[in-house]
Amino acid sequence: MTEIKKTKHDRKVEEANRGLAVQKEGLTECHWRLNYHMMPPAGWMNDPNGLIHYKGEYHVFYQHDPFRAQQGPMHWGHARSRDLLHWEHLPVALSPSEPYDLVELGTGGGCWSGCAVEDGGRMVLFYTGHVDGRCPEEVQCLADSDDGIRFVKRELPVIPGPPEEGVFGFRDPKVWKHDGIWYMVVGSGKDGRGRALLYSSPDLQTWEYKGAATESDGTMGNMWECPDLFPAGTGEEHVLLYSPMNMGGVKTMYQTGVFDYTGCSFHGKVAERLDYGFDFYAPQTFLDGRGRRLLIGWMNIWGAKMPEQEHGWSGAFTIPREIKLQADGTIRMLPVEELVGLRGPGTAYSNVKLEARETRAFDGVVGDSLELMAVFDLSASDDRDTGHAAEFGLQVRCSEDGEEHTEIRYHTGTKLLQVDRSRSGQGDGGISEVHVTAQANGRLKLHLFLDRSSAELFVNDGRTTVTNRIYPAAGSQGIRFFCRSGRTILESLQAWELGSVWKQD
Ligand code: DQQ
């Protein structure tokens, strides 16, 4: 057997893995560790990176500080799965080690976000080398591997700097192949407008700048982090995702439209917010072996309180979602069908009438790790006699006395769907809200995935999603349906306990 000569990077990776082992030893008992969401073994996690279906397995990487539960020098953590449910943590994949991605301890640079592609059986990672300072330097880098575990970096970045002066940010490369040519979109901004910069390459090594594929119209943030541009549907239709900086409460956007490969330009027709919760950022997509376009996001947000940090870890991914372009140019995100495999025994109820000021709990519908599907009949949801609109919904993670809870409510007059965290426990409060209309059949469908510190809501078959972290007490496990005004019919309710995907170690 030929012995592999260790590189400087290999030694940095070993150091990171030793640091992670120490951090893991220091984890303290935490009832917010998730049951079926991907999360780091210990330490800090943010953006999903390098999502890929490689040699029959799903690989995910993530922005990671293995030494502490706070944002620090960025490494790439790594996990893999055969079924998108059960994850095996692997050694750290990338550590800061080169002049173009090295950080002094305590500063925030390193191996920033990027992607993975397969080329001739090799896994090739692209990421941003970020060197902090008064004028941070950002370059696009390549590291590759023949086993998907040990990565070898290039001596120099493949793109040594932004294409022009005066840009605000130059990071988060996402690469795809079309008609034998590689394309890369990079997030940036100029003159107060977020931009998606476009490069092309015949071989993944040499990249030619093709210009900005598109930019903000002045209302969509001044820098676009983590852009993702991919074909959807048939022909020229493409979807562009990005996480805009400085767009108020809007943290992720999508545009659907046409990408012209000759001019390397994207013409958006529909622009909408991608998720309406507080904890959804930097999503990335990839194609799997079945041709599905899957998406995973970071289930947190910069600046949020993260009470789990006290316990030695932080951060999680959303459940994997399948993303589908609709004929009207909007997109839908649905939980991947594999999640059905986590269901324990189910409970079902139907045609429950709820009158004003009525509250109902249901036998068997309780817990902190659940899937719930509730369908309300909106055509029967108001007060016929008085003409008053109806307000109804459910409270989850309720304490015995009802004081602690997270409320999901809908108002038939304003058509506002709200997820209210004012009494959710620790962590940030706040109300997520979005206008929602009934499905064509007059129903409102709420599909909720509750995990021990998260609530991911899919409304009307994925037309709208609302993703939030919540930090209730361990004992707050109650679920209550209510009608505050008017009346409603809970046409059907199904609930399943969802098992843990983590081996107890
Ligand atoms: N996170 C990374 C950047 C990216 C940002 C740094 C988005 O590459 O722009 O951890 O959360």
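The values are calculated or read from the model by the stated rules, or taken from the named source; none is laboratory data. Just so you know, these numbers come straight off a predicted model, no measurement behind them. As a convention, Cβ positions derive from the backbone with ideal geometry for all residues, glycine included, and neighbour counts pool all protein chains shown. Quick note on the areas: whole protein, heavy atoms, side chains included, nothing else; ligands and nucleic acids left out. Shrake-Rupley method; radii C 1.70, N 1.55, O 1.52, S 1.80 Å.
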Arrange the peptides 22-31, 120-129 so that the one whose residues have, on average, the most other Cβ atoms within 10 Å appears first.
120-129, 22-31
What is the distance in Å between the Cα centres of region 251-297 and region 320-334?
9
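Roughly how many percent of the accessible protein surface of the chain is carbon and sulfur, given a 1.4 Å probe and a whole-percent answer?
Details: 9870 of 20280 Å².
Roughly 49 percent of what the probe reaches on the chain is carbon or sulfur.
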Nonlocal amide H pairs with residue 213, under 5 Å, H built at 1.01 Å
196, 197, 198
Residue-count net charge about residue 153 - beta-carbon cut-off 12 Å; Lys, Arg +1, Asp, Glu -1
-1
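Rounded to the nearest 20 Debye, what is the dipole magnitude of the chain about its Cα centre when Lys and Arg each give +1 and Asp and Glu each give -1 at the C-beta?
Working: 53 positive and 71 negative charges, 59 e Å.
In debye, rounded to 20, the chain gives about 280.
Based on the alpha-carbon gyration tensor of region 273-313 and its eigenvalue square roots a ≥ b ≥ c, which shape applies: rounded if a/c is under 1.5, prolate if not and a/b is larger than b/c, or oblate? Numbers along the way, then the final one.
Values: a/c = 4.42, a/b = 1.94, b/c = 2.28.
Taking the square roots of the gyration eigenvalues as a ≥ b ≥ c, region 273-313 is oblate.
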Inter-site label distance for residue 309 and residue 146 at 7 Å from Cα along Cβ, in nm
4.3
Tilt, helix 8-25 to longest principal axis of the chain (alpha-carbon atoms), in degrees rounded to tens, equals 30
Of the listed links 153/251; 251/415; 251/305; 55/177; 174/210; 353/445, those spanning more than 20 angstrom between alpha carbons are 153/251; 251/415
Note, ³J(HN,Hα) from phi for region 236-250, Karplus 6.51, -1.76, 1.60, rounded to Hz, x at Gly and Pro
8, 5, 9, 10, 10, 10, 7, 10, x, 8, 6, 10, x, x, 7
Residues whose built amide H sits under 5 Å from the amide H of residue 94, excluding neighbours closer than 5 in sequence, are 76
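Rolling a 1.4 Å sphere over the protein heavy atoms, what is the accessible area per residue of region 307-351, to the nearest Å²? Please list the in-between numbers first.
Numbers: 1910 Å² over 45 residues.
Counting only protein heavy atoms, the per-residue value for region 307-351 is 42 Å².
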Which is farthest toward the positive dipole end of the chain among 372, 44, 129, measuring Cα position about the Cα centre, with Cβ charges +1 (Lys, Arg) and -1 (Asp, Glu)?
372
Starting from the amide H of residue 464, placed 1.01 Å from N in the peptide plane, find each other amide H under 5 Å away whose residue is 5 or more places distant or on another chain.
459
Whole-Hz ³J(HN,Hα) from phi, Karplus 6.51 cos²θ - 1.76 cosθ + 1.60, for region 69-74, glycine and proline x
8, 10, 4, x, x, 7
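Assuming a ≥ b ≥ c are the square roots of the Cα gyration tensor eigenvalues, decide whether region 149-191 counts as rounded (a/c under 1.5), prolate (otherwise, with a/b larger than b/c) or oblate. It would help to have the intermediate numbers written out before the result.
Details: a/c = 2.28, a/b = 1.36, b/c = 1.67.
Oblate, because a/c is 1.5 or more while a/b does not exceed b/c.
Apply the a/c threshold of 1.5 to the C-alpha gyration tensor of region 338-467 and tell me whether it is rounded, prolate or oblate. All intermediate terms of the calculation are to be shown ahead of the outcome.
Details: a/c = 1.41, a/b = 1.28, b/c = 1.10.
In terms of gyration-tensor shape, rounded.
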For region 464-505 and region 80-148, what is the separation of their C-alpha centers, rounded to whole Å?
36
For the pair residue 209/residue 348, report the inter-label distance in nm, with labels modelled 7 Å from Cα in the Cβ direction.
5.9
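At a Förster radius of 22 Å, what calculated FRET efficiency corresponds to the Cβ-Cβ distance of residue 386 and residue 440, to the nearest 0.05? Before the final figure, lay out each step's value.
Working: r = 28 Å, r/R0 = 1.25.
E between residue 386 and residue 440, to the nearest 0.05, is 0.20.
Which order do the peptides 209-217, 34-42 take when ranked by the mean count of other beta-carbon atoms within 10 Å per residue, highest first? Before the final figure, lay out the partial values.
Numbers: 209-217: 18.6, 34-42: 22.8.
Ranked from most to least packed, the peptides come out as 34-42, 209-217.
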Could you run the Karplus curve 6.51 cos²θ - 1.76 cosθ + 1.60 with θ = phi - 60° over region 324-339 and give me ³J(HN,Hα) per residue in whole Hz, x for Gly and Pro?
9, 7, 9, 4, 8, x, 8, 10, 10, 10, 10, x, 4, 5, 4, 4
